[in-house]
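Chemist: Structure incoming, see below.
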Amino acid sequence: MPDSLVPAIRAAHLHKRYGSHAVVQDVSFVLHPGETLVLLGPSGCGKTTLLKMLNRLVEPDAGTVDINGRDVRHQRPEQLRRGIGYVIQQVGLLPHYTVAENIAVVPRLLGLAASAIHQRTTALLTRLHLPPERYAHQYPHQLSGGQQQRVGLARALAADPPIVLLDEPFGALDPITRASIRREFRELEELRNKTVVLVTHDVAEAFELADRILLLDAGRVQQLGTPRELLLQPANSFVRQFFAAERLALQLRIFTLADVLPFLPTPSPTESAGFFTHATIQETLETLTATADDSATPPFPFNLAQLMAAFGQALQREEAAWKR
Ligand SMILES: Nc1ncnc2c1ncn2[C@@H]1O[C@H](COP(=O)(O)OP(=O)(O)OP(=O)(O)O)[C@@H](O)[C@H]1O
């Protein structure tokens, strides 16, 4: 099989119980290189346990995990983990190591040259908005929670692993810092081609970051699919209920201008060429609201009322199509 067709991760029929409590029950998924999978579900549903089975921090009772086509049981755990970045909510920086030393841990274990490590550390700190001249020699306790979280991410990316596992990486942050780090995270060049598995219980976060979402309840997969599929074509009442409270906000995030274009009054190719049709309705609303007073240069050839009307029609069409 050519390498490009080998899944980055294949989990098959994973089971795990602690005593009489079945924590993960018959979970399977295939993840292709470069995809981002979000493990989503209520507290205690088995997300962390499932994530830890991927890098052998937890051994399954039954089932298999293949990474790049190789069964993880045939790889030494330490060796395996060096090729897989791992970020946890508690960050887990070494308190007596500087920021630069923390980031260098895995590259050193891999035997990379000191100059290459220095270069990589400097580049990552800069990219994560921690100017190295200021932060490289500080110790973790001198940093804020958000800064520590960024260092944790830099450390996981330092050896340029093709796969990155993230367990509630923004969990300890306040909502505003959380949203801004999430934005940085999405735009991070270093993550662009990586295979990412991210655990969260935050629905908005899942919709913002996932190519696909695996929604769990009580250790069982309730649905595996794109955010759009989960929202518009829920597999069962649990899935429907899980998103019910935030349904409209999520719809605004998954629908794009391309979806509503047929329902806008001005969809001529020349007029529509000026704006980004892949922008979400949420982003477009934000732009329209921010420029509401600037009547001289309206950003779009439609106003807010027209956009919302078109969104309503697009939604009706989509929901009708799923029901058919
Ligand atoms: N080592 C362990 N021994 C016994 N029970 C465990 C162990 N690890 C996890 N559990 C139990 O397994 C269940 C699933 O835990 P897990 O941490 O995977 O859930 P989670 O979905 O990540 O939860 P949260 O969102 O609260 O972090 C919980 O009921 C937990 O108490």
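Chemist: I'd like the FRET efficiency for H141 and Q313, computed as 1/(1 + (r/R0)^6) with the beta carbon distance as r and R0 of 35 Å, rounded to 0.05. Working shown, then result.
Modeler: Numbers: r = 55 Å, r/R0 = 1.56.
For R0 = 35 Å, the calculated efficiency reads 0.05.
Chemist: On the accessible surface of segment 7-103, probed at 1.4 Å, how many percent belong to carbon and sulfur atoms?
Modeler: Working: 2190 of 4400 Å².
Reported share for carbon and sulfur atoms: 50 percent.
Chemist: For segment 73-129 and segment 183-246, what is the centre-to-centre distance using only Cα atoms, to the nearest Å?
Modeler: Answer, in whole Å: 27.
Chemist: Once you order the gyration tensor axes a ≥ b ≥ c over the Cα atoms, which shape class does segment 5-44 get: rounded for a/c under 1.5, otherwise prolate or oblate by comparing a/b with b/c? List each step's numbers first, then the result.
Modeler: Values: a/c = 4.44, a/b = 1.83, b/c = 2.42.
Note, shape of segment 5-44 comes out oblate.
Chemist: Another one. Please sort 49-56, 119-126 by packing, taking for each peptide the average over its residues of neighbouring beta carbons within 10 angstrom, highest first.
Modeler: Working: 49-56: 21.5, 119-126: 17.8.
The peptides rank, most packed first, as 49-56, 119-126.
Chemist: May I pose another question? Give me the dipole magnitude in Debye, nearest 20, for the chain about the Cα centre, with unit charges on the beta carbon: positive for Lys and Arg, negative for Asp and Glu. Provide the component values of the computation, followed by the final result.
Modeler: On the way: 32 positive and 33 negative charges, 201 e Å.
About 960 debye.
Chemist: Give the average over all directions of the projected area of the C-alpha convex hull of the chain, one decimal, in nm².
Modeler: Numbers: hull surface 83.8 nm².
Averaged projected hull area, Cα only: 21.0 nm².
Chemist: May I ask you to give the solvent-accessible area per residue for segment 31-174, in square angstrom, as obtained with a 1.4 angstrom probe?
Modeler: Per-residue accessible area for segment 31-174 comes out at 46 Å².
Chemist: Once label points are set 7 Å from the Cα along Cα→Cβ at both E246 and Q75, what is their separation, rounded to one decimal in nm?
Modeler: Result for the modelled spin labels: 3.1 nm.
Chemist: Ok, one more. Rank F29, S43, M53 by how far each Cα sits towards the positive end of the charge dipole of segment 3-245 (+1 on Lys, Arg Cβ; -1 on Asp, Glu Cβ) and give me just the farthest.
Modeler: M53
Chemist: Separate question: Ranked from the most accessible area to the least, with a 1.4 Å probe and all protein chains present, what is the order of S144, S20?
Modeler: Values: S144 60, S20 110 Å².
From most accessible down to least: S20, S144.
Chemist: Length gain on complete extension for the stretch L94 to A290, per 0.36 nm per residue less the alpha carbon to alpha carbon distance?
Modeler: Between L94 and A290, full extension yields 66.3 nm more.
Chemist: Which distance in nm do the two modelled labels at H21 and D61 give, with both placed 7 Å along the Cα-to-Cβ direction?
Modeler: Placing both labels 7 Å beyond Cα along the Cβ direction yields 1.3 nm.
Chemist: Separate question: Measuring from label point to label point, each 7 Å out along Cα→Cβ, what is the T277 to L109 span in nm?
Modeler: Distance between the two pseudo-spin positions: 4.8 nm.
Chemist: In a shell of Cβ-Cβ distance under 11 Å around T200, excluding T200 itself, what net charge do Lys and Arg (+1) and Asp and Glu (-1) give? Could the numbers behind the result be given before it?
Modeler: Numbers: positive: K47, R178, R182; negative: D167, E168, D202, E205, E208.
With Lys, Arg at +1 and Asp, Glu at -1, the neighbours total -2.
The values are calculated or read from the model by the stated rules, or taken from the named source; none is laboratory data. Small disclaimer: the values here were computed from a predicted structure and weren't measured. Using ideal geometry, Cβ is built from the backbone for each residue, glycine included, and neighbour counts are taken over all protein chains shown. In case anyone asks, the SASA skips ligands and DNA or RNA and just uses the protein heavy atoms, side chains included. Shrake-Rupley method; radii C 1.70, N 1.55, O 1.52, S 1.80 Å.
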